[in-house]
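One structure below.
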Amino acid sequence: MEKFTKLTAVAAPLPIVNCDTDKIIPARFLKTLTRTGLGKNLFDPLRYDPKTGNENPKFVLNKKAYRHAQILIAGHNFGCGSSREHAPWALLDYGIRCVISTDFADIFFNNSSKNGILLIKVSPKELQQLMEGAERGANATMTVDLEKQEITNSDGDIITFEVDPFKKHCLLNGLDDIGQTLQKGAAISRYETANKAATPWLYK
Amino acid sequence: MLKPKTLFDKIWESHLVDQQDDGTCLIYIDRQLIHEITSAQAFDGLRQTGRRARRPEANLCVPDHNVPTTPGRGGTQEIEDEESRIQLEMLEKNAKEFGLPYISINDSRQGIVHVIGPEQGLTQPGITLVCGDSHTATHGAFGALAFGVGTSEVEHVLATQTLIQRPAKNMRITVNGSLPFGCSAKDLILAIIGKIGTAGGTGHVIEYAGPAVEKLSMEGRMTVCNMTIEAGARAGLIAPDEKTFQYLKGRPQCPKAAQWELALEQWRKLPSDPGAKYDTEETLDVSEIVPQVTWGTSPEDEVAITSVVPDPAGVQDVNRRSAMERSLEYMDLKPGTKMVDIAVDKVFIGSCTNSRIEDMRAAAVVAKGRRVSDSVYALVVPGSGLVKLQAEEEGLDKIFTEAGFHWREPGCSMCLAMNGDMLFPGERSASTSNRNFEGRQGPGGRTHLVSPMMAAAAAITGHLTDVRELIN
């Protein structure tokens, strides 16, 4: 997993509430066997006309100023719906490394941090300020500093944020969860020995 | 005296392997269900790092999302769509390579993961169960802590049999009253989601309780828990009771003889203690509800079938108003239109929400002796080979085919339209599935979520219909 330390980039405003994972990456693109290559279909139903396949010029990421956005300022409950990790994979493949909203769906939240994407929860008022900041376009970059837990809005205002200390540690250092858990192999074996005695039918 | 605990607290504590100083927990996972869509990259990760599956026998692999449902579909090798075929072959190859139990497309036990887990008795009270699918919440109907995970977590469970988690908050929804005529578990859960909203359960595990929940069959309880994710919660739970034990007794993967008695003794201790504290409580009385139907593109966008398409103009919250306007534009609906005046092109009876034997029977009651409207294409997709066989033994397939419904092989089918069963741009469906998101059933397709009886009624009349007017 790629580290996340500090990012200065264009932020795209996406003020859609309950933006679900089918909007982020529709099911028909889930036939892939890899984690890469999904960026071209990120937000497919919003980005392209379903009948012609042409770009929808009104969609934010199709506007010149936002084509290289790496931060998304999103509406409430972003990433609701399915557990498909293809959603963060598509964001990452497009180049998005950070999403800021008032709330995220739980599974999407977990999936994103395992892929080096930082998700930040802010208050409705702060989201409004960031949404306005993002609407200033390509010359208006934001900075997200994970170590300091600070967002610098395009007007220079600073917003601080909370982050789970373990997730912060993993993101800052690009750590693989499995490698860390395997270091606890002895504790897992102890658990299994006790559990097997209590519920032997689960160990056929 | 010990602090009273909830069902969730009890399962969580009994699965705690390790807890870090910062509160991060390592919890043990008893069972994992694996399907073709969210697993290939996980197996690939294991290969790249030279890791093996820690307990292969704790997993079960089955193809479901991508499989054709056409009669006489044959084996994996005969699947025409190349991408689907490769993905399904990959699941079989991975199961073999890592030594995991695998059910093939031709096996009568094949079906949707969330239908076959309980059918095979893999789902049991008090266990932790995960799957790379958000509707894993279904298994909570048995008092199992079951939740959907992403592919990285599928790999994590394969390699370590654990997951890194933080405890969820406890929420209880007490459902009072009795479901009235024409209403089912589907109407009950749609009414709950309509009340608490699609993010109402975020960060929580929801325990469903109260007389209306106790009265539900196991199939009905699965429908309720299944859609918990549509309220944003991590998992749904229902306390196991005699009905649960009766359903499980004798299932292939359930304990037998003396071990069955030992299991029962443990399972009976699982229900929440009197006085247990919940972070959030909701109460609902379902005695007065009428059949529910969605009008928009989020499961919370639901109304009574006797109602009209709502008007965003009167909504104060600007975000909610703009979401409603966008939904109506996508759905091509005008505020004030009677729900029963909305014509449908396709009807889908199936999915992990509503494809069990009870759902088949409910739809057949409406279909019996009637004809599907000429303007509608209607398909019935049983949730598993065993559901299909049982339905055929009961003659339900004849009722459906004589009425003009298409009787299919098991799979996820038009719920998420990966296998060719889909809506075309502009088409509208009445569907017993769980999501009415934009494009869910095909790009530009429009979905109205309903119960199996309501779906059958819409197929007959050609428009959304109050099923109570068809059956008396």
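List of remarks:
- For chain B, the fraction of alpha-carbon pairs lying more than 36 Å apart is 26 percent, rounded to a whole number.
- Residue by residue, region B:178-188 carries 3J(HN,Hα) couplings of 10, 5, x, 3, x, 10, 9, 4, 5, 5, 4 Hz when phi is fed to the Karplus relation 6.51 cos²θ - 1.76 cosθ + 1.60 (θ = phi - 60°); x denotes Gly or Pro.
- Contact order relative to length of region B:365-472, as percent, for alpha carbon pairs under 8 angstrom and 6 or more apart: 27
- Pairs from the list A:Lys31/B:Lys96; A:Lys121/B:Lys215; B:Lys249/B:Lys277; A:Lys114/B:Lys186; A:Lys114/B:Lys5; B:Lys10/B:Lys243 with a Cα-Cα gap above 28 Å: A:Lys121/B:Lys215; B:Lys249/B:Lys277; A:Lys114/B:Lys186; A:Lys114/B:Lys5.
- Counting only DSSP beta bridges whose two residues both lie in chain B, roughly 25 percent are antiparallel.
- For chain B, the relative contact order is 17 percent, taking Cα pairs closer than 8 Å that sit 6 or more residues apart in sequence and dividing their mean separation by the residue count.
- Exposed GluC sites (Glu not before Pro) absent: longest stretch of chain B, with sites in DSSP loops and at most 10 other Cβ within 10 Å deemed exposed: B:81-287
- Inter-site label distance for B:Ile86 and B:Gln390 at 7 Å from Cα along Cβ, in nm: 3.8
- Annotation: amide H of B:Val17 within the under-5 Å range of B:Leu26, B:Ile27, B:Tyr28, sequence separation 5 or more or interchain, hydrogens built in the peptide plane.
- Filtered GluC sites (Glu not before Pro), region A:111-204: DSSP coil and at most 11 other beta carbons within 10 Å: A:Glu147, A:Glu162
- Placing +1 on the Cβ of every Lys and Arg and -1 on the Cβ of every Asp and Glu, with no other charges, gives chain A a dipole of roughly 680 debye about its Cα centre.
- Eigen-decomposition of the gyration tensor built on the alpha-carbon atoms of region B:65-175 gives equivalent ellipsoid semi-axes of 29, 18, 13 angstrom, largest listed first.
- Gained length - B:Val315 relative to B:Ile471, 0.36 nm times residue gap less alpha-carbon distance: 52.6 nm
- Prolate/oblate/rounded label for region B:157-263 (Cα gyration tensor, a/c 1.5): oblate
- Estimated 222 nm signal from helices in chain B, with DSSP H stretches of n ≥ 4 weighted -39500 (n - 2.57), rounded to 500: -9000 deg cm²/dmol
- Region B:345-457 - Rg over Rh from alpha carbon coordinates, Kirkwood radius: 0.94
- Our estimate of slack between B:Thr401 and B:Glu325, defined as 0.36 nm per intervening residue step minus the Cα-Cα distance, is 23.4 nm.
- Taking a ≥ b ≥ c as the square roots of the eigenvalues of the Cα gyration tensor, region B:262-414 is classed as oblate, since a/c reaches at least 1.5 and a/b does not exceed b/c.
- Applying 1/(1 + (r/R0)^6) with r as the Cβ-Cβ distance of B:Arg166 and A:Lys6 and R0 = 35 angstrom yields a FRET efficiency of 0.85.
- Translational diffusion coefficient of the protein assembly as shown (Stokes-Einstein, Kirkwood radius from Cα pairs, 37 °C, 0.692 mPa s): 130 µm²/s.
- Taking amide H as placed 1.01 Å from N in the peptide plane, B:Thr38 has no amide H partner under 5 Å among residues 5 or more places away or on another chain.
- Cα-centre dipole for the protein assembly as shown with unit charges at Cβ (Lys and Arg positive, Asp and Glu negative), debye to 20: 780
- With all pairs of different C-alpha atoms in the average, the Kirkwood value for the hydrodynamic radius of region B:122-165 is 10.5 Å.
- Vicinal HN-Hα couplings computed from phi for region B:226-234 (Karplus, 6.51 cos²θ - 1.76 cosθ + 1.60; Hz; Gly/Pro x): 3, 8, 3, 5, 6, 9, x, 7, 6
- The modelled label-to-label distance for the pair B:Glu261/A:Trp201, using points 7 Å beyond Cα in the direction of Cβ, is 1.3 nm.
- Here the residues A:Thr21, B:Thr38, ranked from fewest to most Cβ neighbours within 10 Å of their Cβ, fall in the order B:Thr38, A:Thr21.
- Relative exposure of B:Thr69, A:Thr32, judged by other C-beta atoms within 10 Å (fewest first): A:Thr32, B:Thr69
- Counting every other Cβ atom within 10 Å of each residue's Cβ, A:Phe59, A:Phe166 order from fewest to most as A:Phe59, A:Phe166.
- Beta bridge orientation in the protein assembly as shown: antiparallel %, DSSP, nearest 5: 30
- Antiparallel bridges, percent of DSSP beta bridges restricted to region A:1-119 (to nearest 5): 10
- Integer Hz, Karplus 6.51/-1.76/1.60 couplings in order for region B:20-27, x for Gly and Pro: 7, 4, 7, x, 5, 10, 10, 10
- Think of each Lys and Arg Cβ as +1 and each Asp and Glu Cβ as -1; about the Cα centre, that makes the dipole of region B:39-87 roughly 520 debye.
- Relative contact order, whole percent, for region B:195-310 stands at 23, derived from Cα pairs under 8 Å and 6 or more residues apart.
- Two-site FRET efficiency, B:Gln19 against A:Asp176, from Cβ-Cβ distance with R₀ of 25 Å, rounded to 0.05: 0.75
- Calculated over region A:38-154, the projected area of the Cα convex hull averaged across directions stands at 7.3 nm².
- Long-range amide H partners of B:Asn59 with built H, under 5 Å: B:Gln32
- Cα gyration tensor shape for region A:75-118, rounded if a/c is under 1.5, else prolate or oblate: oblate
Read-outs: derived from the displayed coordinates by stated rules, not from any lab. No experiment lies behind these values; they were computed from the predicted model shown. Here the Cβ is made from the backbone with ideal geometry for all residues, glycine too, and neighbour counts use every protein chain on show.
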